[in-house]
Amino acid sequence: MIIILVIIAVLVLMFIGMYNSLVRLRNQVKNAWSQIDVQLKRRHDLIPNLVETAKGYMKHESETLKSITEARSKAMGADTVVDKAKAESTLSGAMSKFFLVVENYPDLKANQNFLAVQEELSSTENKIAFSRQSYNDQVLFFNNKIQVFPSNVIAGMYNFKEEDFFELEDKAERAVPKVDFSS
Amino acid sequence: MWELIRANKQRSLILFFVMGVCLLVLGYFIGGAYAGEEGGYFGLGLAFFIWALMSLISYFSGDSIILAISKAKLVTHNIHPQLFNVVQEMKIAANLPEMPKVYIIPDPAPNAFATGRNPENASIVVTAGLLSKLNRDELQGVIAHEMSHILNRDVLFMTFSGVLLGSIVLLSHVFLRSLWFSGGGRRYSSRSSKGGGQMQIIMIIVAVIMAILAPLMARLLYFAISRKREYLADATAVRLTRYPEGLASALEKISNSDLVLRSANKTTAALYIANPLKKKGMKLSNLSSTHPPIDERIRILRNISQGANFINYQNAYSDVKGHQVRSNIIPSSAMHNKDRVSLRKTPEHKPGTKKAHDLGDLIRAVNKYTFLTCACGMKIKFPSDFKKSEVKCPRCGSINKVPVAELAAIAGVVHGISDQTEKQPEKQIQKNVFVYHRIGKGWESFTCPCGSAKQISPSFNKPYFYCNKCGRKIMVK
């Protein structure tokens with residue numbers, strides 16, 4: 001009799017433990033997703049500083065600066081997830097173009113303010129990349145948990161669904177670079 | 001990554017248990033050697049007590065003791081923005097719950113370590129020399145390695161097993177010494193019976209053997225595990241950054257430096273990313289070293305191809321080690337995941353080679369110096385206790401105003417600490433508080449009621465500072 005009770009108690013405890021760990025993992029996935037948003041917002045906040053600092057030096061590049069500002073306001077105004085992803089990648093493109101152009105302005109590159117903003121921005125870019133990476137790591141772990149026995153039973157009972165991975169919008173980023181030796 | 005943490009915790013527990021039993025048995029026999037069976041239990045209790053006491057101390061204040069020994073200084077974002085950002089990046093990649101505290105050791109030898117009992121109370125420490133030598137990617141590699149120690153719970157484990165090791169060494173040392181000076185525990189054996197006497201001789205012999213062997217065994221075990229943890233942290237760092245070359249070239253730069261870190265000693269050496277006590281060219285592959293040979297770590301990192309997952313590191317490890325070692329460096333549970341984790345591409349061009357005097361400036365900034373650039377471009381450096389209000393530029397001879405407010409603001413931090421010990425003057429100053437309302441965010445000057453001129457810089461953001469003439473507290477609003 002006691003043995004049966006003990007077994008039931010152990011099973012209940014295991015059940016609670018597994019359910020809690022699933023909930024914890026799902027929250028971690030959500031938290032990782034919100035991290036991406038935090039970093040994207042930080043990038044939006046930094047861009048006016050950058051444009052302001054660069055304006056005085058880059059008289060002939062007003063097009064580049066304008067495209068950044070426009071991409072930023074579009075990204076901030078985007079409502080749906082698809083629009084947002086599209087606008088953010090346009091912004092990323094505009095930014096990388098800008099940093100290529102900066103190479104031609106040694107005065108700007110020596111400006112302390114500009115260097116500080118540049119460091120913050122490139123760090124934010126890294127943080128965006130790392131938060132995506134971390135999100136994918138979390139999703140992988142969570143999805144594995146949902147699929148394997150015995151936690152898949154609980155996941156099925158309480159309707160835990162597999163989460164989607166964050167895919168790169170830019171397919172070119174994943175393509176293998178071609179090396180051409182003919183020229 | 002999380003399977004790895006669990007496997008690591010299990011391994012730690014086993015090792016911890018083995019070393020703990022080792023300590024208790026040693027205590028029993030040493031006690032027994034002095035006063036028979038009763039003494040054995042007393043020794044057991046004493047050994048447990050020493051170990052528990054040291055563990056408690058190291059759990060609750062181990063990190064602050066280590067930080068104090070290594071003369072590390074807590075820094076904020078504006079002293080070294082890049083370092084701070086890199087730590088934040090790795091915190092995000094590792095998905096740590098809390099941002100670790102960042103410390104700088106003002107020393108030109110390049111090195112780094114992590115400490116803290118759990119991910120919520122972690123600290124990352126780097127030397128000023130490391131910051132001046134490494135570029136961004138290399139720094140990222142080093143920080144990722146330290147973050148991995150925090151993530152894999154290595155720090156707690158290394159502290160605890162270090163304490164156990166310390167207790168074992170201490171006990172056997174004391175025992176062997178006392179045996180040497182008192183000529184054995186004969187004095188205490190007079191009360192015990194004849195049979196007990198024979199027992200006691202056996203006890204003494206066993207205790208002597210144990211006292212000689214136990215520290216040796218414990219040390220070897222500790223060092224073996226410590227070396228394994230370094231490999232593991234390297235593997236995790238690659239997993240976090242997806243860029244093995246960063247850590248590899250950082251290790252290369254660290255090993256090429258023959259500067260010795262002055263604030264490191266034998267006990268803290270195991271914590272650092274590379275052995276801080278090494279002499280250049282010394283071969284570090286013997287059993288009693290806490291770190292694997294650094295060139296081997298570099299070769300493994302450079303051998304990683306195809307991906308950044310743990311299995312890729314394990315393959316590179318086996319390639320480098322050849323048939324010499326067959327063991328797995330990564331717990332097998334962490335290698336189930338065979339998904340391809342792609343590596344980051346090598347960046348084409350990284351600008352920003354740093355000049356040598358940046359190192360000096362960084363050390364000064366950590367030590368609360370203030371800088372002023374003269375009109376001729378000369379950078380003048382002031383220690384925080386600088387008293388004069390004007391200074392002649394050593395290059396062009398023009399007179400510059402000393403940024404008193406900044407100096408006072410920085411010195412104010414020091415003041416705040418000393419105020420706690422001297423309650424009396426604090427009260428006097430409080431009576432004489434002068435409030436200054438800021439107009440904007442630029443340079444602003446005003447006069448203190450005592451007549452001395454004060455200047456506030458745009459970067460001044462403290463709520464108050466002290467007048468350097470009359471000692472009055474000036475609130476800035």
Does the range A:142-156 hold any residues that are within 14 Å of chain B (Cβ to nearest Cβ) and farther than 13 Å from A:N20 by Cα, and which are they? A:N143, A:N144, A:Q147, A:V148
I need a count of the residues in the range A:88-141 that are under 30 Å from B:N309 (Cβ atoms), among the polar types (S, T, N, Q) and more than 10 Å from chain B (Cβ to nearest Cβ). 3
Which number in (1) more than 24 Å from B:K368 (Cα to Cα); (2) buried (at least 21 other Cβ atoms within 10 Å of the Cβ) marks the one condition that B:E120 misses? (2)
What number of residues in the range B:61-89 are within 14 Å of another protein chain (Cβ to nearest Cβ) and more than 20 Å from B:G129 (Cβ to Cβ)? 4
For the range A:15-30, how many residues meet the condition of being without any contact (Cβ under 8 Å) to a residue 12 or more places away in the chain and polar (S, T, N, Q)? 2
In the range B:233-261, which residues are charged (D, E, K, R), buried (at least 22 other Cβ atoms within 10 Å of the Cβ) and within 14 Å of chain A (Cβ to nearest Cβ)? B:R239
Those residues of the range B:367-392 which are buried (at least 16 other Cβ atoms within 10 Å of the Cβ) and over 27 Å from B:C470 (Cα atoms) amount to B:C374
Looking only at the range B:197-231, how many residues end up being in contact (Cβ under 8 Å) with a residue 40 or more places away in the chain and open to solvent by 70 Å² or more (accessible area, probe 1.4 Å)? 5
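Each row is one residue, and each column tells you yes or no for (1) touching a Lys or Arg at 6+ places or on another chain (Cβ under 9 Å); (2) open to solvent by less than 80 Å² (accessible area, probe 1.4 Å); (3) closer than 30 Å to B:P108 by Cβ.
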{"residue": "B:Q10", "(1), (2), (3)": "no, no, no"}
{"residue": "B:A33", "(1), (2), (3)": "no, yes, no"}
{"residue": "B:F42", "(1), (2), (3)": "no, no, no"}
{"residue": "B:M54", "(1), (2), (3)": "no, yes, no"}
{"residue": "B:S58", "(1), (2), (3)": "yes, yes, yes"}
{"residue": "B:I69", "(1), (2), (3)": "no, yes, yes"}
Looking only at the range B:94-107, filter to residues that are in contact (Cβ under 8 Å) with a residue 40 or more places away in the chain and surrounded by 21 or more Cβ atoms within 10 Å (Cβ to Cβ); which one of those is nearest to A:I128 (Cα to Cα)? B:A94
Mind checking which pairs have a first residue in the range A:87-102 that is open to solvent by 40 Å² or more (accessible area, probe 1.4 Å) and a second that is assigned to a helix (DSSP H, G or I), Cβ under 6 Å, 6 or more apart or different chains? A:T90/A:A71
Of (1) open to solvent by 30 Å² or more (accessible area, probe 1.4 Å); (2) modelled with pLDDT of 75 or more; (3) closer than 24 Å to B:K73 by Cα, B:V435 satisfies all except one. Which? (3)
Kindly establish whether A:Q147 is at pLDDT 80 or above, farther than 22 Å from A:E61 by Cα and open to solvent by 70 Å² or more (accessible area, probe 1.4 Å). yes
Does B:I143 satisfy being open to solvent by 10 Å² or more (accessible area, probe 1.4 Å) and either within 14 Å of chain A (Cβ to nearest Cβ) or under 10 Å from the mean Cα position of the chain (by Cα) (or both)? no
Give the number of residues within the range B:41-73 that are without any contact (Cβ under 8 Å) to a residue 24 or more places away in the chain and either outside the structural domain of B:S161 (by TED's automatic domain parsing) or under 11 Å from the mean Cα position of the chain (by Cα) (or both). 3
Those residues that are of a type in the set (G, A, S), closer than 30 Å to B:T370 by Cα and assigned to a helix (DSSP H, G or I), I need them from the range B:39-92; list them, please. B:S64, B:A68
Going by what's in this entry, would A:R42 be described as touching a residue at least 12 places away in the same chain (Cβ under 8 Å), under 21 Å from the mean Cα position of the chain (by Cα), under 19 Å from A:N126 (Cα atoms) and open to solvent by 80 Å² or more (accessible area, probe 1.4 Å)? yes
Taking the range B:93-109, which residues are part of a loop (DSSP other than H, G, I, E, B) and either within 14 Å of chain A (Cβ to nearest Cβ) or over 16 Å from the mean Cα position of the chain (by Cα) (or both)? B:N95, B:L96, B:P97, B:E98, B:M99
In this structure, is B:R177 open to solvent by 40 Å² or more (accessible area, probe 1.4 Å), in a helix (DSSP H, G or I), at pLDDT below 80 and of a type in the set (D, E, K, R)? no
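The values are calculated or read from the model by the stated rules, or taken from the named source; none is laboratory data. Since we're looking at a predicted model, the values are computed, not measured. Glycine gets a Cβ as well: all are built from the backbone with ideal geometry, and neighbour counts include every protein chain shown. Accessible surface areas use protein heavy atoms only, side chains included; no ligands, DNA or RNA. Shrake-Rupley method; radii C 1.70, N 1.55, O 1.52, S 1.80 Å.
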